[in-house]
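In what follows, a single structure is set out as structure tokens and then discussed.
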Amino acid sequence: MLREIIKPIHIIILSVFVLAIVAIAVWSNVYQASNPITISKVPTDATVYINGKEVSGDRTNLANGAYTVKATKDGFSNYQDTVIIDDNSKYIVVALEPESDSAKQWAEDNQDLYLTQEQITGSEVMESGASVLEKNPLIEELPIQDGLYSVGYIMDSSDSSGNSVIITVDTTNGYRNTAIKSIYDAGYDPANYKIQLENYTNPFKEYK
């Protein structure tokens, strides 16, 4: 009798455990895809693919990261680009260039659509730039140049948020510390940034 009671309890516990795992997995997927993105495309009936998957409609949800965007339409050249999605992203902008005569005529008759695309792109760039500057205030002081060295920056492609930079130091070995000190002099701690030394030669390389 006791065994008959225990057996259903085990089944119930196992079922609850499985349902909990499924719920966590579903919640995790929904949470990760937390950025509502509008696909703004010209022509509006172009087919858009994100990481190889066709996007249905003009809205989707994407987690922060880098995505390959492709778009196709008969008469227009194929479009492909890599876009970075972060917390400030609102749009993926796609504009196909006309190739056939009919497509060129359509583009000429719909210049206002292309103009709107340019305006959206400009707005996205400004917001993205503001986000990068907020996270990396040092770049407002760059480049720092004085003839013996140059301190600049490039975007850090390893950061999927698209908001990180790498500080580049271009100088000879004798002035490397002076160049890095210029970052201190500007009021910033170099330890808070990734630094890439240009024209650097490992002095021990020849002995390896």
What list of ³J(HN,Hα) couplings, whole Hz, do you get for region 136-141 from phi and the Karplus terms 6.51, -1.76, 1.60, once you set θ to phi - 60° and write x for glycine and proline? 10, x, 4, 5, 5, 8
Of all beta bridges DSSP finds with both residues in region 35-135, what is the antiparallel percent, to the nearest 5? 80 percent
Work out how much length residue 70 to residue 135 would gain on full extension: take 0.36 nm times their residue separation and subtract the Cα-Cα distance, in nm to one decimal. 20.4 nm
When a/c reaches 1.5 or more, the comparison of a/b and b/c decides; with that in mind, is region 67-122 rounded, prolate or oblate per its Cα gyration tensor? oblate
Please order 73, 181 by the number of other Cβ within 10 Å, starting at the fewest. 181, 73
Which far-off residues, 5 or more places away or on another chain, put their amide H under 5 Å from the one on residue 95, with H placed in the peptide plane? 42
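No value in this document is a laboratory result; all are computed from the given coordinates. Values in this document were obtained by computation on a predicted structure and should not be read as measured data. Cβ coordinates were reconstructed from backbone atoms using ideal geometry, including for glycine residues, and neighbour counts include every protein chain displayed.
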